[in-house]
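Heads up: the structure comes next, in structure tokens.
The values are calculated or read from the model by the stated rules, or taken from the named source; none is laboratory data. Being a predicted model, the structure only gives us computed values, none of them experimental. Neighbour counts are summed over all protein chains in view; Cβ atoms, including those assigned to glycine, are modelled from backbone coordinates with ideal geometry. Heavy atoms of the whole protein, side chains included, go into the accessibility calculation; ligands, DNA and RNA do not. Shrake-Rupley method; radii C 1.70, N 1.55, O 1.52, S 1.80 Å.
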Amino acid sequence: TSAALFNKVFKKSYGMTPTEFRKQADSRDKNPVDEADQKQLEKKIEQKLIEIEMSEGEEKQENQGETTEGVFSAGESVEFQNYWGDTINFGHASNLLDSSVREHLMILQRALEFKYVRIWSIFSEEFHIKPGQEQYDFNQIDSVLDFVLDLGMNPFIELGMKPNTIHYEIGETLRKITENRFSIEEWEHLIQSFMRHLSTRYGQTALDNWRMELWFDEDLRKDPQEWEKYFEQFDVTYRAVKSCNEKIALGGYGIRMDSGGEQRIQFLTRWSKRECRPDFISIMYYAYERGELGEDRYARRTTDNDAFIHTLRKEKERLQLAGMSDLPVYICEWNLTPSVRNAVNDTTFKGAYIMKNIIDLYGEVQAMGYGAGSDRMYTSYDTQDMLFGGTGLITKEGILKPAAFALDFLNRLFSWYIGKDKNYLITTDRHNNYAIVCHNQQVLNYNYYLTPETAVEKESVWKYFENRKNLKLHILLKDMKEGTYRIKVYRISDRHGSVLDIWGEMGYDNELSRNDVKYFRRVCEPNLSIRKVETVQGNLIINEELRPNEIAMIRVRYIG
């Protein structure tokens with residue numbers, strides 16, 4: 001009510017008069033805070049906010065956490081196929097000339113048992129192949145194929161000349177090679193020579209389960225003349241492959257599903273009327289959406305958390321309109337992002353994202369190929385950190401990420417499907433044993449979409465999600481055999497088995513010894529808990545609670 005009263009209250013609150021306060025502020029302006037100190041202060045404040053949130057969070061999550069309930073009959077099941085672990089992508093075939101990358105494929109194959117490894121650009125100069133040759137030396141290609149077969153896997157060869165690229169974010173891509181361009185006559189001579197060579201070296205039986213694919217460059221998707229060139233190249237390839245071995249599956253297309261709807265229908269309609277039709281349709285998916293505004297083309301990350309299933313169903317509608325709905329659909333390559341410098345790739349969220357989308361796609365596709373095997377394929381001058389946001393399932397040091405454990409948990413499912421909801425899927429072996437995978441994937445928020453992918457902060461991943469709520473699962477299995485069941489729960493969360501969170505506990509130190517790396521490999525494993533539960537009148541109740549972005553595998557075994 002007066003200046004005197006204001007001065008009195010101000011001095012009581014701040015311990016100084018307003019005049020003294022102004023002088024102190026002027027002094028600070030003349031001696032600004034060092035930028036490094038400012039950033040350190042911001043980090044301390046951010047860490048304090050996290051601590052406050054965590055200390056208050058348990059009670060809040062208890063009250064605000066979501067619950068999902070489901071009732072299923074254990075006596076009703078249908079046959080169930082593994083569609084998610086069909087293929088792993090290892091990119092440009094020259095990656096598998098590198099012994100360190102081969103080591104990672106061996107680790108992943110032992111852990112996850114993929115059927116196929118998908119590679120491309122085998123007809124490049126790294127393999128001593130170029131247009132205009134009369135004879136070809138396939139020795140380098142043989143080295144890669146021999147290695148794949150020795151692992152007990154089958155080759156999935158993309159025959160097209162895809163460029164070898166490293167994606168940082170939208171508009172920032174590094175192309176490591178230029179692709180060879182073959183005339184149709186050169187291509188016919190090359191593919192016929194290659195198929196004769198495979199038949200001689202490996203024999204007909206060994207080729208029975210191989211897959212091949214011919215990519216169509218989507219940058220040419222608007223030009224009907226380019227369509228005809230592709231159809232002609234596919235016809236030549238189809239005849240060469242089938243004359244070698246009828247059982248080799250040859251597919252094509254390999255286009256991302258997020259643009260060009262009407263043109264795609266016209267393209268597919270023309271293709272469907274030709275004599276040489278593909279054995280399967282291959283498509284790619286990344287969580288982006290693309291479009292055009294006038295003369296400008298744009299791309300952006302999609303904010304639809306269910307974009308994968310929505311986009312796939314639109315693509316299947318296109319196939320139906322084009323008369324190609326009878327063909328199997330293979331998701332030959334998929335991921336949240338093509339960016340290999342996005343810290344989200346190293347988080348528990350990525351494991352939950354993978355599990356969520358695989359559950360969503362049950363019954364929609366015949367095979368899926370995860371986008372990248374190893375971070376070692378994307379190392380460069382800027383990858384000094386132990387984790388640098390690579391899209392691989394395994395770090396450059398050979399440590400499995402939460403993304404890998406999501407596939408591992410799915411691989412432990414049984415062969416008979418009982419049911420699913422958006423957060424879980426239930427299977428049985430029909431011998432009173434059950435396997436359930438579940439997740440609590442959180443939705444990415446505006447902060448994530450407004451942050452360049454290369455600028456996502458590994459120290460503060462929590463701020464990129466709309467909510468951080470626990471999820472309570474309440475599953476009732478009816479028609480169970482009476483008795484006692486042992487329930488084992490394997491978990492990966494920010495508290496157990498997450499390589500990024502464990503690295504954070506060590507201050508994100510990059511000066512790691514060999515023993516330190518061995519420690520990481522030991523501790524980056526799922527947490528295990530075991531309990532026993534009795535049935536009540538043939539009913540078994542399973543109650544679990546998942547932390548934000550946690551994934552879990554629940555094994556239920558009858559013990560008498």
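Before moving on, here are some points about what is shown:
- Pairs linking a residue in the stretch 122-143 that is within 22 Å of Phe156 (Cβ to Cβ) to a residue that is β-branched (Val, Ile, Thr) and in a helix (DSSP H, G or I), with Cβ atoms under 7 Å and 6 or more positions apart or on different chains, are Ile122/Ile141; Phe127/Ile141.
- Annotation note: Cβ proximity below 6 Å between a residue of the stretch 514-536 that is at negative phi and a residue that is open to solvent by 90 Å² or more (accessible area, probe 1.4 Å) (sequence gap 6+ or interchain) occurs for Thr535/Glu482.
- Failed criterion for Ile166 (all others in (1) at pLDDT 95 or above; (2) open to solvent by less than 20 Å² (accessible area, probe 1.4 Å) hold): (1)
- Filtered by the rule that a residue be surrounded by 21 or more Cβ atoms within 10 Å (Cβ to Cβ) and among the polar types (S, T, N, Q), the stretch 520-560 gives a lone residue, Asn549.
- Positions within the stretch 11-22 being out of contact with any Ser or Thr (no Cβ under 7 Å at 6 or more places or on another chain) and assigned to a helix (DSSP H, G or I), in sequence order: Lys12, Ser13, Tyr14, Pro18, Thr19, Glu20, Phe21, Arg22
- Selection from the stretch 518-560 of residues that are out of contact with any Lys or Arg (no Cβ under 7 Å at 6 or more places or on another chain), assigned to a strand (DSSP E or B) and hydrophobic (A, V, I, L, M, F, W, C): Val533, Val536, Leu540, Ile541, Ile542, Leu546, Ile551, Ile554, Val556
- Search result, residues across the stretch 314-363 that are among the acidic types (Asp, Glu), in contact with a helix residue (DSSP H, G or I) (Cβ under 7 Å, 6 or more places away or on another chain) and under 30 Å from Ser380 (Cα atoms): Asp346
- Meeting the requirement of 1 or more residues that are open to solvent by 20 Å² or more (accessible area, probe 1.4 Å), the strands (runs of 3 or more DSSP E) wholly within the stretch 391-478 are 416-421, 433-439, 471-478.
- For the stretch 110-128, the set of residues classified as modelled with pLDDT under 95, of a type in the set (A, V, I, L, M, F, W, C) and surrounded by fewer than 22 Cβ atoms within 10 Å (Cβ to Cβ) consists of Phe127 only.
- Residue check for Gln225: more than 32 Å from the chain's Cα centre (by Cα) and modelled with pLDDT under 95: yes
- Close Cβ contacts (under 8 Å, 6 or more residues apart or on different chains) running from residues in the stretch 318-329 that are closer than 10 Å to Ile281 by Cβ to residues that are open to solvent by less than 80 Å² (accessible area, probe 1.4 Å) and among the acidic types (Asp, Glu) comprise Leu327/Asp279; Pro328/Asp279; Val329/Glu315; Val329/Glu364.
- Tally of residues being open to solvent by 10 Å² or more (accessible area, probe 1.4 Å), within 19 Å of Asn82 (Cα to Cα) and either of a type in the set (S, T, N, Q) or not in a helix (DSSP H, G or I) (or both) across the stretch 344-365: 4
- For the stretch 224-238, the criterion of being in contact with an Asp or Glu (Cβ under 7 Å, 6 or more places away or on another chain) and over 21 Å from Arg318 (Cα atoms) is satisfied by at least one residue.
- Hits in the stretch 208-261 (condition: assigned to a helix (DSSP H, G or I), surrounded by 15 or more Cβ atoms within 10 Å (Cβ to Cβ) and of a type in the set (A, V, I, L, M)): Val236, Ala240, Val241
- Of the numbered criteria (1) open to solvent by 60 Å² or more (accessible area, probe 1.4 Å); (2) assigned to a strand (DSSP E or B); (3) out of contact with any Lys or Arg (no Cβ under 6 Å at 6 or more places or on another chain), the one Lys488 fails is (3).
- The single residue among Met284, Met368 that is assigned to a strand (DSSP E or B), open to solvent by 10 Å² or more (accessible area, probe 1.4 Å), closer than 23 Å to Ile248 by Cα and out of contact with any Pro (no Cβ under 7 Å at 6 or more places or on another chain) turns out to be Met284.
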